[in-house]
Amino acid sequence: MKSKKIFIACDTKSVKKVKKIIKETQSNKVKVGYKFGLEFFNSKNGRSYISKIKNKILFVDLKLFDIPNTCVSTIKAIKDLKIDYLTIHISAGLKALRESKKVSGKIKLVGVTTLTSFDNKSLKQIGYSKNLKKIIIQQAKLAARANLDALVCSPYEVKYVKQKFKKEIITPGIRLDSKHNDQKRVATPKKAFQNGSDWLVIGRPITKGNIKNNFNKFLENID
Ligand code: C5P
């Protein structure tokens, strides 16, 4: 059984590039799913292409962060897509989370904790006075109260998030080397799985440059 699971972040506006990413990241060793964020979803042919993908695990990362009614309407508006996972910011609040969960049906609703591009300093800049760890524990509790299906956090937070939230944990911020880009809280794939992540999200380290070689390098370094 393929116990290790990876979402490849298809952060591009090109359908051609997505096709290439999918073609070059097939594996017998790990389960692979594909994540589409705001860039691809809002690109000219992105949404329509997502609607045509068959037999793949699909994750639409819209990171909803709005009033309850708008979150609910957005979920209803994408229900024609056969997607498996959809994100909402836990900071949207308990009411938005609960109401979204009521309409999400078969789509797994994924709560996003504090983004992996934040550290304590940048959180302070936007007015948070508690430290990252405390905020994330609080967010994990809220996600559990709202009965969300999965949660996104950095590889470092998995251990304590797991004590509050018992379902799937998805972790971006995965790197094999010191090229972090805009990510602050990063770890290697091996470490992220050891910490208890169910799914890793990997984008640029696989999709920039030689996709096949990059992907194989990750496969060699996951256990
Ligand atoms: O290229 P990279 O591996 O940094 O991509 C990480 C992906 O995960 C991006 O698509 C980003 O939007 C997403 N993500 C994240 N941090 C979160 C939630 C999602 O980096 N907390």
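In table form, for the structure just shown:
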quantity	calculated
Residues of type aspartates and glutamates that K35 reaches as a straight line, Cα spacing below 13 Å, ignoring anything fewer than 8 places off in the same chain	D11, D61, D84
Whole-Hz couplings from phi, Karplus 6.51/-1.76/1.60, listed for the range 167-172; x for Gly and Pro	9, 4, 10, 10, 10, x
Cross-link pairs beyond the 31 Å C-alpha cut-off, checked among K4/K179; K130/K208; K124/K191; K19/K141; K101/K212; K19/K179	K130/K208; K19/K141; K101/K212
Surface share of carbon and sulfur [accessible, 1.4 angstrom probe, percent] for the range 152-198	48
Point-charge dipole on Cβ atoms (K/R +1, D/E -1) for the range 5-220, about Cα centre, debye to 20	260
Unit Cα scatterers, Debye sum, the range 5-220: log10 I(q)/I(0) for q = 0.09, 0.15 Å⁻¹	-0.34, -0.98
Percent of alpha-carbon pairs separated by more than 17 Å within the range 140-223	48
Cβ crowding within 10 Å averaged over residues, with 147-154, 114-121, 177-184 ranked highest first	147-154, 114-121, 177-184
Over 21 Å (Cα to Cα) - which of K17/K44; K82/K159; K23/K167; K44/K217 fall in this group	K82/K159; K23/K167; K44/K217
Cβ crowding within 10 Å averaged over residues, with 195-206, 48-59, 99-110 ranked highest first	195-206, 99-110, 48-59
Protection proxy ranking, peptides 23-30, 210-217, 127-134, average beta carbon neighbours within 10 Å, highest first	210-217, 23-30, 127-134
Straight-distance crosslink candidates among aspartates and glutamates, where the alpha carbon sits under 15 Å from K166 and sequence neighbours closer than 8 are dropped	D149, E157, D198
Helix runs (DSSP H) in the chain reaching 27 Å along axis by Cα, Kyte-Doolittle at least 0.0	none
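The values are calculated or read from the model by the stated rules, or taken from the named source; none is laboratory data. Everything quoted here is computed from the prediction, not taken from an experiment. Cβ atoms come from the backbone with ideal geometry, glycine included; neighbour counts cover every protein chain shown. Ligands, DNA and RNA are excluded from the accessible area calculation, which covers all protein heavy atoms including side chains. Shrake-Rupley method; radii C 1.70, N 1.55, O 1.52, S 1.80 Å.
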